[in-house]
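Engineer: Here it is, the structure in full.
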Amino acid sequence: MAEKTFTWPGQRKNDPSHRRVAEFLVMDIQHSPEWTQDLLNQITLIQSGSLKQWQRIGNCFCLDLSPEGAKITDLVDEKSRSETVTLAEFDQAVVAWLAQLEKG
């Protein structure tokens, strides 16, 4: 777990979908610049229309990317509903995550 909560510009603090994005980045992408850059690459491919959808199954969450957005499903808590954000919102969070990783 991260020592402090991850936030990004534009994040809505009380929005469960934004909270899920932060949880996904902290718990599944962790402190890996390579995995973070891979996410950014997949987002770009989807935004350009080169890729219709992409999925990443992690330790805690399953991420489904498509032009409709980023859907994150909790793999640990089966009663938890999936949360979805727009691709633009997800991209903002991932860019901020990478910037935080690069700062150390």
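The values are calculated or read from the model by the stated rules, or taken from the named source; none is laboratory data. All figures in this text were calculated on a predicted structure; none of them were measured in a lab. All Cβ positions, glycine included, derive from the backbone under ideal geometry; neighbour counts span all protein chains shown.
Yes/no matrix, rows are residues, columns are (1) more than 21 Å from Glu78 (Cβ to Cβ); (2) in a loop (DSSP other than H, G, I, E, B); (3) out of contact with any helix residue (DSSP H, G or I) (no Cβ under 9 Å at 6 or more places or on another chain); (4) of a type in the set (A, V, I, L, M, F, W, C):
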site: Pro9; (1), (2), (3), (4): yes, yes, no, no
site: Arg12; (1), (2), (3), (4): yes, yes, no, no
site: Leu25; (1), (2), (3), (4): yes, no, no, yes
site: His31; (1), (2), (3), (4): yes, yes, no, no
site: Gln37; (1), (2), (3), (4): yes, no, no, no
site: Leu63; (1), (2), (3), (4): no, no, no, yes
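Engineer: Of the numbered conditions (1) under 13 Å from the mean Cα position of the chain (by Cα); (2) within 19 Å of Glu102 (Cα to Cα); (3) at pLDDT 95 or above, Arg20 fails exactly one; give the number of that condition.
Structural biologist: Only one criterion in (1) under 13 Å from the mean Cα position of the chain (by Cα); (2) within 19 Å of Glu102 (Cα to Cα); (3) at pLDDT 95 or above is unmet by Arg20, namely (2).
Engineer: Quickly run through the stretch 65-74 and pick out the residues that are closer than 9 Å to Val85 by Cα and outside any strand (DSSP E or B).
Structural biologist: Listed by number, the list holds a single entry, Glu68.
Engineer: Read through the list (1) modelled with pLDDT under 95; (2) in contact with a His (Cβ under 8 Å, 6 or more places away or on another chain), then give the number of the only condition that Val85 fails.
Structural biologist: Looking at each condition in turn, Val85 falls short on (1).
Engineer: If you scan the stretch 87-104, which residues turn out to be more than 24 Å from Ser66 (Cα to Cα) and acidic (Asp, Glu)?
Structural biologist: Glu102
Engineer: Could I ask something else about it? Considering the stretch 82-104 alone, what residues qualify as being touching a Gly at 6+ places or on another chain (Cβ under 6 Å) and in a helix (DSSP H, G or I)?
Structural biologist: Leu87, Gln92
Engineer: Mind listing just one residue for me: the one in the stretch 56-101 that is within 12 Å of the chain's Cα centre (by Cα) and hydroxyl-bearing (Ser, Thr, Tyr) and, of those, farthest from Lys13 (Cα to Cα)?
Structural biologist: The selected residue is Thr73.
Engineer: Quick check: is even one residue across the stretch 43-61 in a helix (DSSP H, G or I) and surrounded by 16 or more Cβ atoms within 10 Å (Cβ to Cβ)?
Structural biologist: yes
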